[in-house]
Amino acid sequence: MTAVETRRAQAGQEPAVTKKWLPPWRNPWRRPYVLGTITWLYILWSLLPVLIAVQFSFNDGRSRSTWQGFSTQWYCCNEGSVFEDPSLLLSLKNSLILGAATVLVATPLGVMLAMGLTRWRSRTSKVANGIALVPLVTPEIVVGSALYLVMINLYQFVPLGRPAMLLGHVTFSVSYVLVIVRSRLLSIGGEYEEAARDLGASSVQAIRTILVPLLMPSIFASAMIVFASSLDDFVVSQFLFGDASNITVPIKLYSAVRSAPTPALNALASLLLVGSLLALILAYLGLRARKRGPGSALEDLADYG
């Protein structure tokens, strides 16, 4: 026994444990370099075509494959640019109007559906919950073709075009609102609403003054996700858009890419990308607006009080 070990034994201390060196490939606690490398390679592989498309929207020439210098002529103030081409500008306006209208209709419906399903306590409630989520798992081509057949055979009072497209977008967007808002409702619980009722508030007052303020971050986030999904939708819009006056940006991109497009098409796609990313960033910020955890709902209630 060494002198150091003897002194530790006399002092009642345990001898120090010497760590055994392991090679990196046998150390289970090492950083996952291989998985990290694969992840970053996949991210670069996915983003590279998008970045190239955005790059050529700033091309100084008409080529979409040969870089000829930097210019913003395909966005504005030049013949053939997005804001000078009536067809491109019309598709952008239609997408924005359709996305905003979908948010205004789908968000309140999704919130009310989430509240109703959260309060529904019966044997059939689980079935209703599953049915409400069907649009999320149904292939979009099936939803689009089914809506088209329904519109032309049963709901003939709804013309193809913006009304039919709005109904189609609301159909698959309500489920997004339902999932996000209902998860927030389950984390809040029913105690705060019951406390408001015990203090004399009516059912409507408890929902308006207590529940809705607590749900606002989730409602805002779901609205932004609905807006982004409506902007990006192609399949349902393709089935229901009717004539060229209701064409949206995804449909315009699909129909024009087979001809001889200019970089203005890249500029239009870049604007759509920026709008979708901005909506998703706002949704992320909305979801992080309130802290998660057991005490978050109580803290929110104190803030609103």
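The values are calculated or read from the model by the stated rules, or taken from the named source; none is laboratory data. Keep in mind it's a predicted model, so treat the numbers as computed, not measured. For neighbour counting, all protein chains shown are included, and Cβ atoms are generated from backbone atoms with ideal geometry for every residue, glycine included.
Could you list, in sequence order, the residues of region 38-67 that are assigned to a loop (DSSP other than H, G, I, E, B) and hydrophobic (A, V, I, L, M, F, W, C)?
Phe58, Trp67
Looking only at region 75-97, how many residues end up being surrounded by 16 or more Cβ atoms within 10 Å (Cβ to Cβ), more than 16 Å from Leu273 (Cα to Cα) and touching a residue at least 40 places away in the same chain (Cβ under 8 Å)?
The qualifying residues number 3.
Kindly indicate whether Asn94 is under 31 Å from the mean Cα position of the chain (by Cα) and at pLDDT 90 or above.
Yes.
Within the set of pairs 6+ apart or on separate chains, which have a first residue in region 166-194 that is over 18 Å from Arg288 (Cα atoms), a second that is in a helix (DSSP H, G or I) and basic (Lys, Arg), and C-beta atoms under 9 Å apart?
Note: pairs meeting the criteria are Gly190/Arg119.
Mind listing just one residue for me: the one in region 224-256 that is outside any helix (DSSP H, G or I) and acidic (Asp, Glu) and, of those, surrounded by the most Cβ atoms within 10 Å (Cβ to Cβ)?
Result: Asp233.
Go through region 146-168 and give me each residue that's modelled with pLDDT of 85 or more and either among the hydroxyl-bearing types (Ser, Thr, Tyr) or closer than 14 Å to Ser222 by Cβ (or both).
The answer is Tyr148, and nothing else.
Pairs please, first residue from region 123-147 and farther than 25 Å from Phe241 by Cβ, second anywhere and assigned to a helix (DSSP H, G or I), Cβ atoms under 7 Å, 6+ apart in sequence or on different chains.
From region 123-147, the pairs are Ser125/Leu117; Ala128/Leu117; Asn129/Leu117; Ala132/Leu113; Ala132/Leu117; Ala132/Ser175; Ala132/Leu178; Leu133/Ser175.
As an exercise: evaluate Asn27 against (1) exposed (fewer than 11 other Cβ atoms within 10 Å of the Cβ); (2) modelled with pLDDT of 85 or more and give the number of the one condition it does not meet.
(2)
What residue, among those in region 234-255 that are among the hydroxyl-bearing types (Ser, Thr, Tyr) and in contact (Cβ under 8 Å) with a residue 24 or more places away in the chain, is farthest from Thr171 (Cα to Cα)?
Ser245
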